[in-house]
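Contents: one structure, followed by commentary.
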Amino acid sequence: MKTCNKTVILILLLSSLSLSQNFKFVTGIGNFKSATSFYITSAGTIYVTDAGTNEIYKIDTLGNVLKYAGGYGWDDGQFDTPTDVYANPLSVFVCDKNNSRIERFDKDLNFVSSLYTRDNSNRNERFGYPLSCALSQQGDLYILDSENKRVVKFDLFGNFTQNFGGYDAGSFSLSKPIQLAVSADNKIFVLDKNRIVVFDQYGNNVALIKNDNELDGIRIIFDNLTLTNHDTVYYTKTNNIDFEIKKAVLTGTGNLTDIINSLIFNNKLYVLTPEKILIFKAE
C-alpha cells in the first residue's frame with residue numbers, strides 16, 4: 001500500500017486471489033430479453049432495466065412482476081436504451097442513455113420527473129449518454145457522464161452542485177467509465193476500465209484500486225460491494241479497512257459466461273444475466 005498526498009493506491013490482482021467463498025445455486029427468477037441493470041431496495045423490491053424491451057420491471061424476490069413501465073421513445077416515462085437503475089423505498093432513477101437524461105419514477109413506477117442538461121448553457125452541468133447513477137445518504141444524485149467522462153452531482157432538489165473526475169483530475173481522470181456506486185459513508189466508487197476510482201462526496205480523490213482484469217459491473221447495497229465481469233463475481237465490505245476482496249465460486253449452474261451484474265442482499269447473492277436473475281446462497 002502506498003500513500004501519496006492523502007491518496008491511497010491499492011494494487012489488486014483479482015485473477016490470483018486466494019480468498020474465495022462457495023455459493024450454491026438456489027433458483028432463477030425473471031424472464032427478460034436483454035437486461036442491463038438491477039437494484040434491490042431495503043424492502044426487498046427488485047427493479048430491472050431491459051434494453052431489449054426498453055422497459056423497467058418491478059418484481060418481488062419470487063420473480064412475480066408487480067409493475068412495469070417504459071417502452072421505446074422519448075416522451076416522459078419512455079426509454080431509448082436504459083443502462084442503469086438505482087432505487088430506494090420511495091423513488092426509482094433510470095439512466096435513459098440515448099435520450100441523455102435521468103428519469104425518476106415513484107416506487108410503483110409512476111413517472112415523476114426527468115433531468116436533462118445536455119443543452120444547458122452552463123457546460124459544467126451538462127451530461128450526455130449517462131451510463132450509471134446512484135444516490136448518497138443525503139439524497140445527492142451522482143451521474144456517470146460518458147460523453148464528458150466525468151461524474152456530475154445534483155442535490156436533493158435537482159440543482160447542479162459540481163462535477164469531478166474529468167480531464168483536469170490528473171491520475172483520477174476517468175478514461176473509460178463503466179458504472180458507479182455510492183457507499184453508506186458517501187464515497188463514490190467509479191468502475192473505470194481495469195481500475196476503481198474512489199472519490200469522497202465532495203469529489204476529492206480518495207483511492208485508486210487497480211487490478212489486472214477489466215470489470216463490467218459494480219454494485220453497493222448497505223456495506224456489501226460486488227464486482228463482476230462476464231464470468232466472475234468478486235465481493236467485499238466497503239467498511240473493510242484492508243479492502244479484502246473475495247471471489248465468489250458459483251456452483252450448481254455450470255459455467256456462466258454472460259454475467260451482467262451482481263449484488264448481495266440478506267445473505268444471498270443475486271446474479272443478473274440478460275434473461276434471468278440467478279439466486280445463490282453461501283455454503
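The values are calculated or read from the model by the stated rules, or taken from the named source; none is laboratory data. In this text the structure is predicted, and so the values were computed from the model without any measurement. Here the Cβ is made from the backbone with ideal geometry for all residues, glycine too, and neighbour counts use every protein chain on show.
If I filter the stretch 55-75 for residues that are within 18 Å of the chain's Cα centre (by Cα), of a type in the set (Val, Ile, Thr) and under 29 Å from VAL26 (Cα atoms), do I get at least one hit? Lay out the reasoning, then the answer.
Residues of the stretch 55-75 that are within 18 Å of the chain's Cα centre (by Cα), as a first pass: 55-58.
From the residues that got through so far, the ones that are of a type in the set (Val, Ile, Thr) too are 56.
Adding the requirement that they be under 29 Å from VAL26 (Cα atoms) leaves 56.
Checked the stretch 55-75: at least one residue is within 18 Å of the chain's Cα centre (by Cα), of a type in the set (Val, Ile, Thr) and under 29 Å from VAL26 (Cα atoms).
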**Request:** Could you please give the count of residues in the stretch 110-149 that are in a loop (DSSP other than H, G, I, E, B) and either among the basic types (Lys, Arg) or at positive phi (or both)?
**Result:** 5
**Message:** For the condition without any contact (Cβ under 8 Å) to a residue 60 or more places away in the chain, of a type in the set (A, V, I, L, M, F, W, C), touching a Phe, Trp or Tyr at 6+ places or on another chain (Cβ under 8 Å) and surrounded by 14 or more Cβ atoms within 10 Å (Cβ to Cβ), what is the one hit in ILE259, ILE264, ILE221?
**Reply:** ILE264
**Request:** Mind counting the residues in the stretch 246-276 that are outside any strand (DSSP E or B), charged (D, E, K, R) and over 18 Å from GLY63 (Cα atoms)?
**Result:** 1
**Item:** Any hit, the stretch 202-215, residues being closer than 25 Å to TYR47 by Cβ, touching a residue at least 40 places away in the same chain (Cβ under 8 Å) and surrounded by fewer than 19 Cβ atoms within 10 Å (Cβ to Cβ)
**Value:** no
**Request:** Working carefully through the options ASP75, ASP140, ASP145, ASP108, find the one that is of a type outside the set (S, T, N, Q), farther than 20 Å from ILE277 by Cα and free of Cβ contacts under 8 Å to residues at least 12 places away in the same chain.
**Result:** ASP75
**Request:** Check every one of the strands (runs of 3 or more DSSP E) wholly within the stretch 1-89 and list those with 2 or more residues that are closer than 24 Å to PHE189 by Cα and at pLDDT 95 or above.
**Result:** 35-40, 46-50, 82-87
**Prompt:** Taking into account only those residues within the stretch 229-245 that are of a type in the set (Phe, Trp, Tyr) and part of a strand (DSSP E or B), which is surrounded by the fewest Cβ atoms within 10 Å (Cβ to Cβ)?
**Reply:** TYR235
**Complete:** Scanning the stretch 90-103 for residues that are among the hydrophobic types (A, V, I, L, M, F, W, C) and in a strand (DSSP E or B), the one farthest from ARG126 (Cα to Cα) turns out to be VAL92
**Message:** Considering only residues that are modelled with pLDDT of 80 or more, closer than 18 Å to ARG195 by Cβ and out of contact with any Phe, Trp or Tyr (no Cβ under 7 Å at 6 or more places or on another chain), which ones fall in the stretch 237-253?
**Reply:** THR238, GLU244
